[in-house]
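Read the figures in this text as sums done on the coordinates, not as results from a lab. None of the values given here were measured: they were computed from a predicted structure. All Cβ positions, even for glycine, are placed from backbone atoms using ideal geometry, and neighbour counts span all protein chains on display.
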Ligand SMILES: C[S@@+](CC[C@H](N)C(=O)[O-])C[C@H]1O[C@@H](n2cnc3c(N)ncnc32)[C@H](O)[C@@H]1O
């Protein structure tokens, strides 16, 4: 692949998703796009770059972008945010008017483990939430992971990563060597395609936002833009969780860290009843 072809594909992907592809990702491009080359009967990545220049190649550019996303996820990933959430949800439930659901957003949800982890936390906290309904919204740019998230079926390997056996038995049933989360947990979650670079205002306000392990793939201006858009959708007393390698520091002053809680943020100057 010529450097020009690499630059063209990388620019397309960045413009569409924010994902930054540095020249050291050349081999990743070759392996992840091999399937598309075969399907499209293209000889190599130079031929793909050429095809992408055709204005009618929009679906192909989307497929290329999706193939270059990293979809790694696990149940109760990093543990701490879910422990913190157990303290946050009762506080928010007490602060809301009767009948108003608590809205949680798993932005860049991948295959849904994060959203379903929130559903299990909420179910176990039900007595402390005073019957408050939860709406869990999972979004991602990649269609394939969303289909998997909606199905709610996970491999043995996936349920062994972070999901306590007690919750596996309580919330899942085994089907031909795979594990299906129960209909009640699925009913709490809704999964839709959404690009974090798009207009997020249509999603409404959220009490809690998880946006973890996606900003690491963006450059600083894109991180700033996405963090600003997320801050605008976060309730004044709500909480934003970022991944372990992510921060708002040096990127935006619209969000501030919650004291003593790594990875948890609130809107700057918020009413902030810290949990
Ligand atoms: C590594 S996964 C993180 C999954 C989950 N949040 C977690 O921490 O376990 C990153 C996800 O971000 C999604 N993604 C990448 N760029 C995106 C964008 N611009 N808008 C929405 N989702 C995006 C990818 O498709 C991928 O599923």
Could you work out how far the C-alpha centroid of region 64-85 sits from that of region 177-219, in angstrom? 10
Residue 24-residue 157 FRET efficiency (beta carbon distance; Förster radius 41 Å; 0.05 resolution): 0.90
Springs between alpha-carbon atoms under 10 Å, Gaussian network over the chain: tell me which of 42, 134, 251 tops the mean-square fluctuations. 42
Against the longest alpha carbon principal axis of the chain, how many degrees, from 0 to 90 and to the nearest 10, is the axis of helix 3-17 turned? 30
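Compare the peptides 52-59, 99-106, 165-172, 179-186 by average per-residue count of other Cβ atoms within 10 angstrom and give them in order, highest first. If you can, show how the numbers build up before the last one.
Details: 52-59: 10.9, 99-106: 20.6, 165-172: 14.5, 179-186: 16.5.
In decreasing order of mean packing, 52-59, 99-106, 165-172, 179-186 become 99-106, 179-186, 165-172, 52-59.
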Taking a ≥ b ≥ c as the square roots of the Cα gyration tensor eigenvalues, with a/c under 1.5 meaning rounded and otherwise prolate when a/b beats b/c, else oblate, which class fits region 160-222? prolate
When the expected Rg is taken as 2.2 N^0.38 Å, what fraction or multiple of it is the alpha-carbon Rg of the chain? 1.07
Cα centroid distance between region 1-42 and region 131-159, in Å? 27
Report relative contact order for region 3-67 in percent, whole number only (criteria: Cα-Cα under 8 Å, sequence separation at least 6). 41
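Pull out a ≥ b ≥ c, the square roots of the eigenvalues of the alpha-carbon gyration tensor of region 3-67, then state rounded if a/c is under 1.5, prolate if not and a/b is larger than b/c, and oblate in the remaining case. Kindly include the intermediate steps, with their values, before the conclusion.
Values: a/c = 1.41, a/b = 1.13, b/c = 1.25.
Cα axes put region 3-67 in the rounded bin.
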Taking the Cα atoms only, what angle lies between the long axis of helix 58-67 and the longest principal axis of the chain, rounded to 10 degrees? 60
Inter-label distance, nm, simple model (7 Å from Cα along the C-beta direction), residue 86/residue 71: 3.1
Just from its helices, what would the mean residue ellipticity at 222 nm be for the chain, if runs of 4 or more DSSP H residues each count -39500 (n - 2.57) and the sum is divided by every residue, rounded to the nearest 500 deg cm²/dmol? -12000 deg cm²/dmol
Between residue 166 and residue 126, what length comes free when the chain is fully extended (0.36 nm per residue of separation minus the Cα-Cα distance, one decimal in nm)? 12.7 nm
Cα axis of helix 220-233 to longest principal axis of the chain: angle in degrees, 0 to 90, nearest 10? 40
GNM on the chain, C-alpha springs below 10 Å: top fluctuator among 41, 231, 49? 41
